[in-house]
1. Between helix A:102-112 and chain A, what is the angle of the helix's C-alpha long axis to the longest principal axis, kept within 0 to 90° and rounded to the nearest 10?
2. Please tell me the relative contact order of the range A:238-299 in percent, rounded to the nearest whole number, where contacts are Cα pairs under 8 Å and at least six residues apart.
3. Sorted by mean Cβ packing within 10 Å, highest first, what order do the peptides B:7-14, A:262-269 take?
4. In the range A:3-228, what is the volume of the convex hull around the alpha carbon atoms, normalised per residue and reported in Å³?
5. Which residues does a label at residue B:230 reach in the range B:177-208, if reach means a backbone N under 14 Å from a point 7 Å past the Cα toward the Cβ?
6. Going highest first, how would you order B:97-106, A:283-292, B:128-137 by mean Cβ packing within 10 Å?
7. What distance in nm separates the two pseudo spin-label positions at residue B:4 and residue A:240, each 7 Å out from Cα along the beta-carbon direction?
8. What angle, in degrees between 0 and 90 and rounded to the nearest 10, separates the Cα long axis of helix B:3-24 from the longest principal axis of the Cα atoms of chain B?
């Protein structure tokens with residue numbers, strides 16, 4: 001979608017100081033969010049960062065311990081019913097009825113939304129078409145592929161034409177092809193003017209889809225901005241060289257200024273801004289005599305974002 | 001639309017879903033809700049019935065054991081619905097379905113109403129089928145049309161009460177296995193510790209007191225009196241009162257569990 005024509009004059013989601021704790025465990029530690037109408041907003045963070053809890057609070061599933069929030073102009077606490085009428089939620093885990101067919105699942109949603117009979121039929125047919133589920137509409141989701149289940153899940157969310165959609169890790173567990181399809185689904189939704197709050201563990205996904213990204217860590221937002229703004233704050237890509245012995249590491253470190261060394265692993269990280277050319281340059285400066293055991297090219301990922309924003313590695317990868 | 005119309009509409013939608021589920025799981029339900037009670041009926045009538053029948057004495061009122069047994073078996077059909085109902089509720093709670101419903105403007109309680117309604121309908125179908133088999137194997141009720149209506153009424157009331165109790169158990173259960181285990185005392189133990197198979201008077205003193213005063217006994221005694229044309233006394237009032245108390249307490253428990261679940 002074209003970001004330059006968007007005027008974020010109205011706010012879809014506005015939250016301030018959201019806190020949530022389960023006993024001793026603090027899950028949300030003062031989350032502030034402001035999402036404009038029509039925006040695609042990504043919450044980026046590792047497992048346990050508080051992404052799902054944020055979605056649950058904003059979608060009226062659980063109350064926050066402290067803080068205020070409004071969704072499409074309705075206060076979360078006082079007007080939960082009004083909030084529910086304008087949102088659609090696709091949770092992290094599939095919420096399809098496995099004993100009903102794909103079509104019956106959609107019809108069930110339509111009934112619960114009190115759609116008129118003609119609208120119900122038209123909307124069901126339309127969503128089956130859009131999400132490429134026509135062929136499997138008469139079968140139960142137990143026979144679906146992972147991608148088909150996800151598409152049905154999202155189609156059910158869209159039955160009531162929500163103005164704001166929550167997508168909690170919409171591509172987790174999908175194969176690369178289904179992930180591409182899901183990205184296209186999300187882009188199409190955004191093009192239709194729907195506001196989207198999605199959560200993800202992958203920087204690439206946030207980068208591909210979101211107008212703005214907030215990085216969540218231990219229940220706090222540690223960085224927020226457009227994908228470009230965030231990536232500027234991440235140290236660039238690097239080349240990782242592993243050596244057979246300490247002598248080679250020493251020699252290479254002398255030859256390659258500006259690199260960082262890890263003596264324990266005999267590894268040298270060399271900044272790599274210029275792609276192949278700079279790779280050639282690095283190899284040329286090393287010469288033929290230094291024994292390089294292993295070489296890999298590293299592009300920024302969530303771990304780098306976390307390192308840059310928090311000074312610590314994200315939990316999963318530091319284990 | 002008024003809130004009440006919407007609540008009724010949402011409950012009807014959920015009931016429709018539950019009936020569809022039951023139809024999809026028909027084979028499973030036939031085994032658990034109809035075949036198991038029928039096997040119990042045959043075992044107790046043909047294998048144990050000879051000896052038990054001799055020991056019944058006055059309680060049999062001169063009729064064969066099968067006439068004493070069938071009202072108890074019908075009550076076991078009702079009690080047997082507890083497990084499936086609790087499991088269905090737990091499945092919805094532990095899957096994503098309830099979270100989806102909660103983020104929609106759907107009437108609170110419609111989902112449980114659907115489960116309870118579905119449970120009562122399943123039980124009515126199953127009791128009818130088991131009663132049919134009972135007639136085939138020699139059960140000879142002496143009930144008038146009014147008596148039969150009363151029998152249906154008590155079955156529905158008891159089924160309704162146990163369905164709410166099962167729904168509450170299903171709400172607080174952490175897993176399907178937990179839900180199933182928690183309902184076993186209802187569907188298995190309590191029927192045996194009542195007048196289902198033998199008169200309460202024949203039991204040891206401690207058990208006898210418990211059996212005489214727990215809810216299953218007045219329910220079975222009422223069904224037995226109605227079906228055999230015996231005087232009802234006040235046992236039917238007691239049965240209906242138990243049903244009302246169980247339904248009310250379970251309903252309140254379920255609502256509290258539902259509220260807790262959202263926090």
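What follows draws every value from the coordinates through simple rules; no lab data is involved. Please read all numbers here as calculations on a predicted model, not as lab measurements. FYI the Cβ positions are ideal-geometry reconstructions off the backbone, even for glycines, and counts take in every protein chain you see.
1. Compared with the principal axis, the helix lies near 60 degrees.
2. On the way: 91 pairs, mean separation 31.5, N = 62.
Taking the mean separation of contacting Cα pairs over the length of the range A:238-299, I get 51 percent.
3. Working: B:7-14: 19.5, A:262-269: 14.8.
Listed from highest to lowest mean packing, they are B:7-14, A:262-269.
4. Numbers: hull volume 28.9 nm³, N = 226.
Cα convex hull per residue, to the nearest whole number: 128 Å³.
5. The answer is B:195-202.
6. Details: B:97-106: 21.7, A:283-292: 13.0, B:128-137: 16.1.
The most tightly packed comes first, giving B:97-106, B:128-137, A:283-292.
7. Modelled inter-label distance: 6.8 nm.
8. The angle comes out at about 60 degrees.
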